Amino acid sequence: MATESNTGREKGLGITAKKETDFSEWYTQVLTSSGFIDYSDVSGAIVLRPDSYFAWESVQRAVDALFKRDGIQNACFPSLIPEKLLNKEEEHIAGFSAEVAWVTEAGSSKLEERLAVRPTSETIMYPSYAKWIRSWRDLPMRLNQWNNVVRWEFKHAVPLLRTREFLWNEGHSVFATQQEADAERDAILGIYVRVLKDYMALPCVPGRKTDSEKFAGAVASYSLEHLLPSGKVIQGPAWHSDGQNFSKAFDITFLNKAGAREYAYQNTYAISTRELGVMVATHSDNKGLVMPPFVSRIQVAIVPIYGSADRDSISSYAKSVEDSIKRLRVHTDLDDAYSPGWKFNQYELMGVPIRLEIGRREAEGHSVTVVRRDTGTKAKMSLEGLEGALTETLVSINDNLYARALSFMDANTRFVESMDSLAKSLESGGFVQAPWCGDAACEAVVKEKTGAKSTNMPFSAQGRAGGKKCVVCGKDARHVVNFARSY
């Protein structure tokens with residue numbers, strides 16, 4: 001599928017910071033110099049330019065298709081929430097109170113009641129749920145909406161990773177029993193894990209949050225955690241078991257099969273545009289973006305190399321190459337205002353997965369020179385069977401990016417059994433796993449002494465708790481926790 005160029009060719013832009021020595025500056029330079037995002041006139045809010053929005057749409061489509069296959073339907077609720085509704089669930093609003101943006105006037109008139117700009121939608125959705133759900137026949141109700149939310153963060157804003165407005169999905173499911181509600185967890189987390197791997201080449205650590213770190217209003221929270229090249233950790237998609245907390249606050253009840261009325265059981269879950277920032281930070285290098293192929297707006301950039309004498313013939317051959325691979329997202333660059341070398345650098349900066357170089361030798365030999373963005377390697381390929389070969393190369397690029405990220409995460413995950421070892425290991429960044437008794441007081445001691453917090457209790461590590469002692473108090477360990485410094 002051919003695509004418009006829209007390369008964002010602003011002169012004088014490039015990457016001057018180094019990923020390995022100044023990660024924060026490098027990260028922002030990559031995002032803006034590549035044309036992936038831009039800053040807006042609203043503090044802490046950014047503009048998703050075509051490449052970043054295409055990537056988000058790709059993730060959205062993939063997740064949405066899997067949701068629908070699992071029986072989840074889309075809906076749309078208002079973005080403004082009356083204050084009386086927001087206050088109905090005290091623990092929930094306490095978790096967001098400092099981040100809520102309020103609408104207090106309309107035109108020249110003051111509103112009788114403040115309206116919150118949606119920080120999350122439980123409180124605007126659940127009065128409708130209470131009306132719609134009457135009996136067990138109405139359950140399960142599994143609705144999702146794709147929307148934007150505003151959380152007026154007062155911490156240091158980081159583009160995509162921590163912004164005041166972002167895009168996400170909000171899944172809100174209702175079940176008749178806790179057992180049915182709990183059964184949804186692995187399905188939803190499995191969808192997120194699959195899309196992160198297949199589309200964004202991102203590994204993650206699935207696990208349960210400690211009670212101190214769970215979502216406000218939830219009974220239990222489960223998260224997918226990412227390790228960034230800076231050594232810091234950031235939370236990715238999450239699923240929350242809300243039990244009957246919201247159903248009691250909003251009177252979401254149903255008649256069960258025995259004719260008795262009872263409160264429903266609920267779950268919530270989300271993936272957001274934060275993942276775009278994780279993707280950029282994880283895969284990109286000092287030349288610019290490195291885009292996973294299946295979220296890249298341009299998968300193949302064709303750069304003809306010609307002089308005035310052979311421009312027409314080589315351009316014609318380049319267009320024939322484009323026609324032969326039209327099921328891919330391909331752009332042929334015939335802009336004479338820039339040299340081939342400049343174009344090479346531009347497509348590297350943009351992170352285009354494959355670049356095809358076509359000169360006189362390639363045209364005469366019915367071939368192309370293929371350059372991979374992830375490795376920089378070059379190879380000659382015949383025009384015959386080119387689309388299939390490039391498709392295989394795109395899969396190989398995604399697999400390679402995932403393998404590199406997974407190797408980095410594994411190399412920076414360490415297990416310790418003492419407080420001294422925990423504190424020392426945290427200085428090197430990454431995930432530091434430690435046995436924990438389950439007491440929140442011990443968890444707080446780790447944070448106080450090291451500045452690190454618990455990210456989650458990894459599913460894969462819980463078998464290591466047996467026979468171990470808590471690194472803080474020395475009591476028998478009940479869990480293994482990942483501690484890390486985080487965004």
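Any read-out appearing in this document is the output of simple, stated calculations on the displayed coordinates, not a laboratory observation. It should be emphasised that the depicted structure is a prediction, and the values quoted were computed from it without experimental measurement. All Cβ positions, glycine included, derive from the backbone under ideal geometry; neighbour counts span all protein chains shown.
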Burial-style ranking of 445-451, 256-262, average other-beta-carbon count within 10 Å with highest first, yields 445-451, 256-262
Taking 7 Å along the Cα-to-C-beta vector as the label spot, tell me the D336-V47 distance in nanometres, rounded to one decimal. 3.1 nm
So for each of 52-61, 131-140, 373-382, 165-174 I average, over its residues, the number of other beta carbons within 10 Å; can you give me the resulting order with the highest mean first? 165-174, 52-61, 131-140, 373-382
Ranked list, fewest to most other Cβ atoms within 10 Å of each Cβ, for L383, L189: L383, L189
Report the full-extension gain for the segment V395 to K380: residue separation times 0.36 nm, less the Cα-Cα distance, to one decimal in nm. 3.6 nm
Would you order S33, S418 from fewest to most other beta-carbon atoms within 10 Å of each residue's own beta-carbon? S418, S33
Taking the Cα centre of the stretch 23-283 as origin, work out the dipole magnitude from +1 charges on Lys and Arg Cβ and -1 charges on Asp and Glu Cβ, in debye rounded to 20. 420 debye
Difference of contour (0.36 nm per residue) and Cα-Cα distance, N286 to R137: 48.0 nm
Subtract the Cα-Cα distance of Q73 and A411 from 0.36 nm times their separation in residues, and report this length gain in nm to one decimal. 117.7 nm
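Please work out whether the chain counts as rounded, prolate or oblate from its C-alpha gyration tensor, where a ≥ b ≥ c are the square roots of the eigenvalues and a/c under 1.5 means rounded, while otherwise a/b larger than b/c means prolate and anything else oblate?
Prolate is the answer for the chain, as a/c is 1.5 or above and a/b outweighs b/c.
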Dipole magnitude (debye, nearest 20) for the chain, charges at Cβ of Lys, Arg, Asp, Glu: 680 debye
Once you place label points 7 Å from the Cα toward the Cβ at A440 and N87, how far apart are they in nm? 2.5 nm
Report the residues of the stretch 193-228 in range of a label on C473: point 7 Å along Cα→C-beta, backbone N strictly under 17 Å from it. 210-213
Take each of the peptides 327-336, 347-356, average the number of other beta-carbon atoms within 10 Å over its residues, and list them starting from the highest. 347-356, 327-336
Going through K68/K232; K214/K449; K209/K248; K19/K214; K453/K475; K214/K248 one by one, the pairs whose alpha carbons sit over 25 Å apart turn out to be K68/K232; K19/K214
Provide the per-residue ³J(HN,Hα) series for the stretch 285-299, in order, calculated from phi with Karplus coefficients 6.51, -1.76, 1.60 and θ = phi - 60°, each as a whole number of Hz, with x at glycine and proline positions. 9, 6, 8, x, 5, 10, 8, x, x, 8, 10, 8, 4, 10, 8
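Please find the FRET efficiency linking D251 to F344, where r is the Cβ-Cβ separation and R0 is fixed at 56 Å, and quote it to the nearest 0.05.
Efficiency for this residue pair is about 0.35.
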